[in-house]
1. Here are Gly52, Gly36, Gly28: which of them is on the phi > 0 side of the Ramachandran plot and out of contact with any Gly (no Cβ under 8 Å at 6 or more places or on another chain)?
2. Residue pairs, Cβ under 6 Å, 6 or more apart or interchain, first in segment 1-15 and under 11 Å from Phe55 (Cβ atoms), second part of a loop (DSSP other than H, G, I, E, B). List them.
3. I'm trying to understand the selection: among the residues of segment 1-21, which are open to solvent by 90 Å² or more (accessible area, probe 1.4 Å) and not in a helix (DSSP H, G or I)?
4. Kindly provide the set of residues from segment 31-61 that are over 16 Å from the mean Cα position of the chain (by Cα) and at pLDDT below 95, ordered by number.
5. Please find, within segment 31-50, the residue that is farthest from Leu6 (Cα to Cα) out of those that are in contact with a helix residue (DSSP H, G or I) (Cβ under 9 Å, 6 or more places away or on another chain) and open to solvent by 70 Å² or more (accessible area, probe 1.4 Å).
6. Select from segment 51-73 the residues that are among the aromatic types (Phe, Trp, Tyr), open to solvent by 100 Å² or more (accessible area, probe 1.4 Å) and touching a residue at least 24 places away in the same chain (Cβ under 8 Å) and list them in ascending order.
7. Mind counting the residues in segment 22-75 that are more than 15 Å from Ile8 (Cβ to Cβ) and in a loop (DSSP other than H, G, I, E, B)?
Amino acid sequence: MGKTWLFIDAPNLCYRAFHAMGQLSYKGKDTGTAFGFLRDVKLLHERFVPDGMAFCWDYGESYRVNMLPSYKESR
């Protein structure tokens, strides 16, 4: 049987965690994004039980902008 991999859109998960965790902090340092990101990774791992995980990050100019110049134009 083949191996199962879980590919994670890391910037999206960070964005979600940032907005979901609100003002979570420790000794005045913001920790919500890191906490939420790691919590979600743990939950995804428990749910899908993959043999491996890969975290995909954006680098340089987004290929989406090249394909569709109006991508996120109003954001």
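1. Details: Gly52 fails: on the phi > 0 side of the Ramachandran plot; Gly36 fails: on the phi > 0 side of the Ramachandran plot.
Matching residue, one of Gly52, Gly36, Gly28: Gly28.
2. Here the result reads Leu6/Pro50; Ala10/Trp57; Pro11/Asp58, each pair linking segment 1-15 to a residue that is part of a loop (DSSP other than H, G, I, E, B).
3. At the first step, the residues of segment 1-21 found to be open to solvent by 90 Å² or more (accessible area, probe 1.4 Å) are 1, 3, 5, 7, 15-16, 18-19.
Result: Met1, Lys3, Trp5, Phe7.
4. Gly60, Glu61
5. Narrowing segment 31-50 to residues in contact with a helix residue (DSSP H, G or I) (Cβ under 9 Å, 6 or more places away or on another chain): 32-41, 44, 50.
Among the residues that remain, those that are also open to solvent by 70 Å² or more (accessible area, probe 1.4 Å) are: 35, 38-39.
Working: Phe35: 20, Leu38: 15, Arg39: 15 Å.
Restricting to residues being in contact with a helix residue (DSSP H, G or I) (Cβ under 9 Å, 6 or more places away or on another chain) and open to solvent by 70 Å² or more (accessible area, probe 1.4 Å), the top hit is Phe35.
6. First pass over segment 51-73, keeping only residues among the aromatic types (Phe, Trp, Tyr): 55, 57, 59, 63, 71.
With open to solvent by 100 Å² or more (accessible area, probe 1.4 Å) added as a condition, the list becomes 57, 59, 63.
Hit for segment 51-73 is Trp57, nothing else.
7. 18
The values are calculated or read from the model by the stated rules, or taken from the named source; none is laboratory data. Quick caveat: nothing in here was measured; it's all calculated off a predicted structure. Neighbour counts run over all protein chains shown; Cβ positions are idealised from the backbone, glycine included. Side chains are part of the model used for accessible areas, which takes the heavy atoms of the whole protein and leaves out ligands, DNA and RNA. Shrake-Rupley method; radii C 1.70, N 1.55, O 1.52, S 1.80 Å.
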